[in-house]
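Contents: one structure, followed by commentary.
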Amino acid sequence: MSDPSPATRPEPRLLTRLNRRGFRLVMLLDGLAVLGLAVAVMLYRFGAPASWPTYNTGAYAVSFVVSSLVFLVAYYFGGLYEREPRLGGAAVLPKAARLSLAAGSFVALLNLALGGLLRQRGSLIERALPFPITNLVAVIVLAGVAVAVNRAVVQWLRTRREGPPRVVLAGTPADIGLAREHLAANDSTLEVVGEVDDPHTVVDAVEHTRATDVLLLTAAWLDDWYPRTIGRLDRQDATVLLRVGGRETLFGLDRLREVAGLPFVLLQAQTMAPSQRHFKRLLDLLLVVLTAPVWLLLLGGTALHQLVVAGRPLLFRQTRVGVGGETFEMVKFRTMRLDAEVDGGAQLSTGTGDPRVIPACRWVRATRADELPQILHILTGRMSVVGPRPERPELTAGFEKEIAGYTRRHEVPPGLTGLAQIHGRYHTDAEYKLGYDLQYLVNWSPVLDLEIIVRTIWVVLARRV
């Protein structure tokens, strides 16, 4: 029987639609597993709830629920709920074990901190979240195993409901033939639903066959596929795996996936996972709120200085390109003459030596104090504390034509500072800055953000532009 055409394809299931919005059924299973383990260990050690020591059952119930939520948050921001390929998926247990240890450690520290606050206020309660340490250690050990078991069950149910992975082989005839031999020799459970020997027809092939995965067997095709084709396949929920050889591995690939005895790496349309972007947003808000007394004082002092030496308008508004390529009106303190761009054309600044800069404002520009109003953009989510600097649409359009992969820097909100800003200068070439921006996206972590912020402070104090 032939496959249904795209026009007659049924509407996605409710669970599929929820998955696309970030919800995973396995989240509920993991939360119930951790909560169940906390209760089960308690029952094993102390018997019925009526005999649980020191605290009443309600206090333990609150503690176990809060602790389960902490574990879930750790799993989410740790990337356990990102969409994984059905082929060559990474082992879950090691990652789940590390995240369970981190979550359990946080629960213990939170308990100590809250208990200390209660004692300072004269409370006789020793632990705000009662959770015996021995029990917590047992939950940490068992939770990683439970999460791995949940993944195996979910994968089994998915395969039973949807059938085996439907794969399109893409590459030269010789590469396809080699892959076909490996699939036959390894008794693979995947189903080959199409073969493509033209790099420009893979999207149509995936749409027609309803393939779940694409195995890119010819590495040279990557130049044709990146980034548009990979993005289109991602929007069709098709996972793309690239077969690699010894040369690519020597370039630093360290997370290979095995499919039918062949080594592959996962090609992602987005460099940063959704969980990472959400975690980054949470850190931005925490940082801005916690440092509010400092930046509000600096903002007010700089505004007063600018009003005296530069006059009105105090703020300079300019259209910049933000996340997803969408434009927004960025504000900063005006440090140039009103006729700086009288001809209307976009011009890159040459730094504090730019003749258009008002002399009394050179230190404002050198210390990056003119960027302070952009903290308001961070609060609204248009910008981030750390990220690629936002460029003007006129300049971005030219860079996108001249520099391959330039659009990837728009995957995250632009930043108040960034890797390119602490290593480069105003006049550093755009392609070199792109290298820093992409390096930041690939290697993002909270520690990297903190490092960039600290180094930015040094750049500001040194007035290096």
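Worth pointing out:
Conditions tested, residue by residue: (1) part of a loop (DSSP other than H, G, I, E, B); (2) surrounded by 15 or more Cβ atoms within 10 Å (Cβ to Cβ); (3) modelled with pLDDT of 90 or more.
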site	(1), (2), (3)
GLU84	yes, yes, no
ALA90	yes, no, no
ALA97	no, yes, yes
ARG119	no, no, no
GLU126	yes, no, no
VAL137	no, no, yes
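- Matching residues in region 164-189 - criterion: being open to solvent by 20 Å² or more (accessible area, probe 1.4 Å) and under 33 Å from the mean Cα position of the chain (by Cα): PRO164, ARG166, SER188, THR189
- Verdict on ALA50 being more than 27 Å from the chain's Cα centre (by Cα), outside any loop (DSSP other than H, G, I, E, B), over 20 Å from ALA138 (Cα atoms) and not acidic (Asp, Glu): yes
Here's the yes/no breakdown for (1) modelled with pLDDT of 85 or more; (2) among the hydrophobic types (A, V, I, L, M, F, W, C); (3) part of a loop (DSSP other than H, G, I, E, B):
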| position | (1), (2), (3) |
| --- | --- |
| THR249 | no, no, no |
| PRO263 | no, no, no |
| ASP284 | yes, no, no |
| LEU304 | yes, yes, no |
| ARG317 | yes, no, no |
| THR350 | no, no, yes |
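- Among (1) over 26 Å from TRP458 (Cβ atoms); (2) in contact with a Lys or Arg (Cβ under 7 Å, 6 or more places away or on another chain), the one test that GLU371 misses: (1)
- Leading residue by the ranking (least open to solvent (accessible area, probe 1.4 Å)) among those in region 190-238 that are in contact with a strand residue (DSSP E or B) (Cβ under 6 Å, 6 or more places away or on another chain) and among the polar types (S, T, N, Q): THR209
- Residue list for region 164-206, filter: without any contact (Cβ under 8 Å) to a residue 12 or more places away in the chain and over 10 Å from LEU217 (Cβ atoms): GLU181, ALA184, ASP187, ASP198, THR201, ASP204
- Check on LEU69, over 33 Å from the mean Cα position of the chain (by Cα) and without any contact (Cβ under 8 Å) to a residue 40 or more places away in the chain: no
- Number of residues in region 33-56 that are of a type in the set (Lys, Arg) and either open to solvent by less than 50 Å² (accessible area, probe 1.4 Å) or under 19 Å from ALA128 (Cα atoms) (or both): the value is 0.
The values are calculated or read from the model by the stated rules, or taken from the named source; none is laboratory data. Keep in mind the model is a prediction, meaning the values are calculated, not measured. Glycine gets a Cβ as well: all are built from the backbone with ideal geometry, and neighbour counts include every protein chain shown. Each accessible area value is taken on the protein alone, full model and side chains, heavy atoms only, with ligands, DNA and RNA left out. Shrake-Rupley method; radii C 1.70, N 1.55, O 1.52, S 1.80 Å.
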